[in-house]
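In what follows, a structure is listed as structure tokens, so that the remarks can point back to it.
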Number of protein chains: 2
Amino acid sequence: MSVTIKDIAKLAGVSHTTVSRAMNDSPLINDETKLRIRALAEQLGYTPNLYAKSLVSDRSHHVGLFFTTLYTGTSAGFFHDAVRGVSEVLRSGYQLVVKGIDDCRAGGFHTITSKSFDGIIAVSQSEEDDDFLASVREKGIPLVVLNRQLEEGQCLNIVSDEAEGVRQAVGYLLKLGHENVAMIAGKPGFKSAVVRRSGYEEALAAAGIDVRRDYVAAGEYTVESGLAAMRRLLRLRERPTAVFCANDQMALGAMKAIAEAGLRAPEDIAVAGFDDDVFAAYVTPALTTVRRPIAEMSRMAAQRLLQEIEQGRPAPETVYVRTELVVRESAAPPQKPGM
Amino acid sequence: MSVTIKDIAKLAGVSHTTVSRAMNDSPLINDETKLRIRALAEQLGYTPNLYAKSLVSDRSHHVGLFFTTLYTGTSAGFFHDAVRGVSEVLRSGYQLVVKGIDDCRAGGFHTITSKSFDGIIAVSQSEEDDDFLASVREKGIPLVVLNRQLEEGQCLNIVSDEAEGVRQAVGYLLKLGHENVAMIAGKPGFKSAVVRRSGYEEALAAAGIDVRRDYVAAGEYTVESGLAAMRRLLRLRERPTAVFCANDQMALGAMKAIAEAGLRAPEDIAVAGFDDDVFAAYVTPALTTVRRPIAEMSRMAAQRLLQEIEQGRPAPETVYVRTELVVRESAAPPQKPGM
DNA sequence: CCACACTTTGCACACGTGAACAATCCGTCC
DNA sequence: GGACGGATTGTTCACGTGTGCAAAGTGTGG
């Protein structure tokens, strides 16, 4: 049995109201009794029952961090960075509940109420999440959406400018002198897959190069799928001399396929990735990629969410966070024909 | 404002108790009224207030998943696998709260009470967590400890037999013919670092080889630290021909250092890792390593915890999960001298 | 000495839910 | 016809906390 304010009240010979006031720094109490009661509470190891508090105060002290899915499609590095960033800001003031949106959908999002969450951060990777986001907004729960861009003005939306990041990477490959630049695309249904592909096409168009359909190989954001996609690209009659991969895991798979085929990166085929995953700097050759500051974005999301919870609804703006091209070793100029 | 059972009661012309009974499938109610009330509840979009339920039923519907730290020392793949495994079992029946033990310590674990958590899974990597574990047990919260072995009989403890795993890996290197086998050790203070080092020493002892102090390089479980440690090992006068790394991230760094030095793995130096991290199969050369079934372990932990919550305390046993040597390409027999 | 203000405390209720107990209705059996 | 029992519903209280309002105590100024 745990200690309640009534227990303390009885021992201190006061009413439970007085104890409540002592614990909450109310001005309606004598300093002396406050200290006396607090000492007693400390001694008895009193911890308030947060559920009772929640019931009366309508504050749950829980923040939800929801991902499109916890299973395939969410890379470990991305997931870890996001949880860390949010957790760092919340520390012990709030409890962080981590969930996959797909796991909740079965119950029609019934378990998600304004009573059970003070606020929600949704790390959205797909338009499939829209029903979830609508449900959250409808219930009036403070919401920040991370990673995927929404229609303007729905809620606070923090995204990296992915298309720009991809243009940087593909532009870099083109500047090195590559003309046959292929792409391994992301998981179908994921918005980022579409955006990154557009960035690729725009970069080519800006250089006056036509997009070849057979140069875009479908992937799934997993290492395996990158391996398989690269194998297909290598079988093409006019083999690409460079490949941009929609994330680093697939780039890793692609490099594996290149090695398998007896070729070398970057000499025979230049490779660029996206995400700057934990391992990117340390594979051989070190991966040239685009960094998205996930941890920073999630920290910002958490800060803004707390602000919204504690001070009320801010303007629903869209915040763009800059990506950064990280040049390492996996991309080099093409070999001259005949060399 | 959200709908409560009292609202429904008023509209249906019954008492709130009757509504409660309708929602909870009580036998003390007429089927007809039950259906009528349920239809009404559905129509009004009623969702029960879990905090009120918690208050009266002493069940919080929250399960805690605690890591030693969410920051350095916990690799992304490990973290992701653990959260996924637990989440998969819990699905939507419970809310999963993810936290770092270090983040809670500041508040003296005051926020962790039997009222706020129905059960806790601790993924412990260090003896520093003992104060936390003691605090949880003292409060009578069902507890499963994952990953680190405890004194027998404290609570349900699920661990992989890491020493055996290391012996397999080092034994494999020895069997290939290596005599100068070095090790890059784990983060000081982490129990796994000690256990894995012991495994290494035992394997050498079993083969009648003395442990050389200069062959054990300190690491931190990060890729960078593996890189730095390997650089140090490469500077030794009698260079090792094989190196066992206490995790895959450090093995990645080690391979990087080997490439930097103009050497090749596995031809010049054989490398073996530990964990079978997501990227292990896809780096070049593919990493020979030891697989720990983290996802399976965490699924088991979640299942056993639910069982304990719902059916009462089971025997506090220690469950060993077998590790598995995964032979890939990064380890090969040593080159003959003079070749 | 009284009126008034201020400080400090307690009483009673509310939050939303579940459960023990009482009350009512209906049918059955002796 | 009265006693009994089962089915169904309502009344009341409890869970632990915060708050509006009343009450008691203290001091101050006229």
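The values are calculated or read from the model by the stated rules, or taken from the named source; none is laboratory data. Fair warning: this is a prediction, and the values are worked out from it, not measured in the lab. Ideal geometry is used to build each Cβ from the backbone, glycine not excepted, and the neighbour counts take in all protein chains shown. Accessible surface areas use protein heavy atoms only, side chains included; no ligands, DNA or RNA. Shrake-Rupley method; radii C 1.70, N 1.55, O 1.52, S 1.80 Å.
Residue by residue, here is whether (1) in a helix (DSSP H, G or I); (2) near DNA strand D (Cβ under 8 Å from one of its atoms); (3) open to solvent by 90 Å² or more (accessible area, probe 1.4 Å) holds:
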| site | (1), (2), (3) |
| --- | --- |
| A:Lys10 | yes, no, yes |
| A:Ser20 | yes, yes, no |
| A:Asp25 | no, no, yes |
| A:Leu28 | no, yes, yes |
| A:Ile37 | yes, no, no |
| A:Glu42 | yes, no, yes |
| A:Tyr46 | no, yes, no |
| A:Tyr51 | yes, yes, no |
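Restricting the first member to segment B:284-296 and to residues that are farther than 29 Å from A:Arg264 by Cβ and away from chain A (no Cβ under 14 Å), and the second to residues that are in a strand (DSSP E or B) and open to solvent by less than 20 Å² (accessible area, probe 1.4 Å), the beta-carbon pairs closer than 8 Å and six or more apart or on different chains are B:Val290/B:Ala272; B:Arg292/B:Ser160; B:Pro293/B:Ser160. Consider segment A:237-249 and keep the residues that are over 17 Å from B:Thr284 (Cβ atoms) and in contact (Cβ under 8 Å) with a residue 40 or more places away in the chain. The one that is surrounded by the most Cβ atoms within 10 Å (Cβ to Cβ) is A:Phe244.
Residue pairs whose Cβ atoms lie under 8 Å apart, separated by 6 or more positions or on different chains, with the first residue in segment B:96-119 and closer than 19 Å to A:Ala82 by Cα and the second basic (Lys, Arg) and surrounded by fewer than 18 Cβ atoms within 10 Å (Cβ to Cβ), are B:Asp103/A:Arg91.
Within segment B:60-81, how many residues turn out to be more than 8 Å from chain A (Cβ to nearest Cβ), away from DNA strand D (no atom under 16 Å from the Cβ), without any contact (Cβ under 8 Å) to a residue 60 or more places away in the chain and open to solvent by 20 Å² or more (accessible area, probe 1.4 Å)? Matching residues across segment B:60-81 total 0. Among the residues of segment B:82-111, those that are aliphatic (A, V, I, L, M) and facing chain A (nearest Cβ under 7 Å) comprise B:Val83, B:Leu96, B:Val97, B:Val98, B:Ala106. For segment B:173-232, the tally of residues that are of a type in the set (Phe, Trp, Tyr), assigned to a helix (DSSP H, G or I) and under 25 Å from the mean Cα position of the chain (by Cα) stands at 1. Select from segment B:27-59 the residues that are more than 7 Å from DNA strand C (Cβ to nearest atom) and among the small types (Gly, Ala, Ser) and write down the one among them that is nearest to the other protein chains (Cβ to nearest Cβ). Going through the qualifying residues, I end up with B:Ser54.
For segment A:112-134, a residue qualifies if it is in a loop (DSSP other than H, G, I, E, B) and within 13 Å of another protein chain (Cβ to nearest Cβ), and the qualifying residues are A:Ile112, A:Thr113, A:Ser114, A:Lys115, A:Ser116, A:Phe117, A:Asp118.
Every condition in (1) closer than 30 Å to B:Asp276 by Cβ; (2) touching a strand residue (DSSP E or B) at 6+ places or on another chain (Cβ under 7 Å); (3) not polar (S, T, N, Q) is met by A:Leu174 except one, and the failing one is (1).
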